[in-house]
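Student: Have a look at this one before I ask anything.
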Amino acid sequence: MKPRIAIPLPHGADPEYAGRAIPQYERAVELAGGDPVRIPLDQTPAEVMKSIERCDGVLLPGSKADVDPAKFGAARHPKTEAADSRRDTVDELLLQDAYNMRKPVLGICYGLQILNVYRSGTLLQHIETAVNHEAGRKIPVAHEVEIEPGSKLAEIVGGIRQIPANSSHHQSADVIGDGLKIVARCPEDGIVEAIEGTAPDHFVVAVQWHPERSFDEDERSRKLFEALVEAAKQKHLELVGEFEAT
């Protein structure tokens with residue numbers, strides 16, 4: 001049985017955008033050997049929990065929204081986009097379940113940011129450096145990413161120290177949340193490009209770029225999804241074992 005990966009719809013107020021964005025994530029999970037489970041944003045918390053309790057892992061996708069700065073005690077920057085309370089509510093339920101049950105988590109772009117804020121971190125609300133972090137999907141390589149040796153991310157990408165990355169964001173992690181650590185930066189300006197969990201028994205990895213866009217042509221992008229699915233497979237076996245033992 002393929003491990004089930006919960007993926008929330010990317011946006012609660014723009015169904016056209018959400019419907020256009022989510023298939024890339026679902027396809028990447030499928031090709032990596034997982035079973036993507038789309039989580040709607042218009043359900044009650046109880047309905048959401050019922051859907052996600054049968055899932056073995058979580059993928060938090062990108063979004064055109066920004067996390068509400070009130071969540072990390074900051075005033076709103078003039079360039080901060082509108083928040084998406086529906087998406088945030090579902091993400092927080094997914095993360096609560098993932099941390100309680102030690103289910104693997106992969107965050108992508110906005111997914112990194114909401115993970116960091118959920119763990120009591122903060123965000124830089126608007127990047128102003130010489131690097132164009134808002135390059136967008138038409139530019140396949142926006143800048144390089146330097147990866148921390150010995151990290152889980154380094155292990156996933158095969159020990160490579162520096163990799164090219166696409167980029168579609170204007171915010172980034174600032175103060176890092178509890179139980180998380182920085183494992184990659186943009187070498188040109190120091191912007192945080194990846195974080196991961198510090199607990200050795202819990203797969204939590206989040207990247208600021210979009211590996212679902214480069215899945216077909218880039219082996220390292222595929223390896224990120226494969227690592228999530230493999231961790232979810234192990235969690236599924238563990239959960240089945242616990243169920244059978246009761």
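Student: Take GLN43 and ALA199, extend 7 Å from each Cα along the Cα→Cβ direction, and tell me the distance between the two endpoints in nm.
Tutor: Going by the 7 Å Cα→Cβ label model, 2.3 nm.
Student: How high is the relative contact order of the chain? Use alpha-carbon pairs under 8 Å, at least six apart in sequence, and give a whole percent.
Tutor: Rounded, it is 21 percent for the chain.
Student: Quick check: the distance between the Cα centres of the stretch 1-53 and the stretch 124-167, to the nearest angstrom?
Tutor: Using only Cα atoms to place each centre, the spacing works out to 25 Å.
Student: Could you tell me which of rounded, prolate or oblate describes the stretch 97-226, using a ≥ b ≥ c as the square roots of the eigenvalues of the alpha-carbon gyration tensor, with rounded for a/c under 1.5 and, failing that, prolate when a/b is larger than b/c and oblate otherwise?
Tutor: oblate
Student: Assuming 0.36 nm per residue, please report the length gained on full extension of the stretch ASP68 to THR89 beyond their Cα-Cα distance.
Tutor: Gain on stretching ASP68 to THR89: 6.4 nm.
Student: Protein chains only, probe 1.4 Å: how do GLU196, GLU92 rank by accessible area, largest first?
Tutor: GLU92, GLU196
Student: Can you put ILE139, ILE191 in order of accessible area, largest first, using a 1.4 Å probe?
Tutor: In descending accessible area the options line up as ILE139, ILE191.
Student: Here's a follow-up. For the chain, set up a Gaussian network in which alpha carbons nearer than 10 Å are linked by springs, and say which option among THR122, THR80, THR44 fluctuates the most.
Tutor: THR44
Student: If ligands, DNA and RNA are left out, what is the accessible area of ILE114 with a 1.4 Å probe, given in Å² to the nearest 10?
Tutor: 0 Å²
Student: Show GLU26, GLU148, GLU155 ordered by accessible area, largest first, where the area counts protein heavy atoms only and the probe is 1.4 Å.
Tutor: Listed by decreasing accessible area, they come as GLU155, GLU148, GLU26.
Student: How many angstrom separate the Cα center of the stretch 64-99 from the Cα center of the stretch 172-246?
Tutor: Using only Cα atoms to place each centre, the spacing works out to 19 Å.
Student: How many percent of the accessible area of the chain is carbon or sulfur, using a 1.4 Å probe?
Tutor: Answer for the chain is 49 percent, counting heavy atoms of protein chains only.
Student: What share of the DSSP beta bridges in the chain is antiparallel, in percent to the nearest 5?
Tutor: Counting only bridges with both partners in the chain, antiparallel ones make up about 55 percent.
Student: Would you calculate, for the chain, the mean residue ellipticity at 222 nm contributed by helices, counting each DSSP H stretch of 4 or more residues as -39,500 (n - 2.57) and dividing by all residues, to the nearest 500?
Tutor: That comes out to -11000 deg cm²/dmol.
Student: With a cut-off of at most 12 other beta carbons within 10 Å, and DSSP calling the residue loop, which trypsin sites (Lys or Arg not before Pro) in the stretch 92-137 qualify? Please list them.
Tutor: ARG137
Student: While we're on this one: Could you work out which residue, out of GLN234, GLN125, GLN113, moves most in a Gaussian network model of the chain, that is, has the largest mean-square fluctuation with Cα springs under 10 Å?
Tutor: In this elastic network of the chain, the residue with the biggest mean-square fluctuation among GLN234, GLN125, GLN113 is GLN234.
Student: Can you work out the accessible area per residue across the chain, with the rest of the protein chains kept in place, probe 1.4 Å, in square angstrom?
Tutor: Value returned for the chain: 45 Å² of accessible area per residue.
Student: Which residue, PRO45, PRO69, PRO61, tops the fluctuation ranking in a GNM of the chain built on C-alpha contacts under 10 Å?
Tutor: Of PRO45, PRO69, PRO61, the Gaussian network model singles out PRO45 as fluctuating most.
Student: For a quick check of understanding: with a 1.4 angstrom probe and all protein chains in place, what accessible area in square angstrom does ASP216 have, to the nearest ten?
Tutor: 100 Å²
Student: So how much slack lies between GLN96 and ALA82, counting 0.36 nm per residue of separation and subtracting their Cα-Cα distance, in nm?
Tutor: 2.7 nm
Student: With a ≥ b ≥ c taken as the square roots of the eigenvalues of the C-alpha gyration tensor of the stretch 37-167, please select rounded if a/c is under 1.5 and otherwise prolate if a/b is larger than b/c or oblate if it is not?
Tutor: oblate
Student: Now for a separate question. Once fully extended, how much extra length lies between ALA75 and SER120, figured as 0.36 nm per residue of separation less the alpha-carbon to alpha-carbon distance?
Tutor: 14.6 nm
The values are calculated or read from the model by the stated rules, or taken from the named source; none is laboratory data. Computed from a prediction, not measured in an experiment: that's the story for all the values here. FYI the Cβ positions are ideal-geometry reconstructions off the backbone, even for glycines, and counts take in every protein chain you see. Remember, those area values only see protein heavy atoms, side chains included, never the ligands or the DNA or RNA. Shrake-Rupley method; radii C 1.70, N 1.55, O 1.52, S 1.80 Å.
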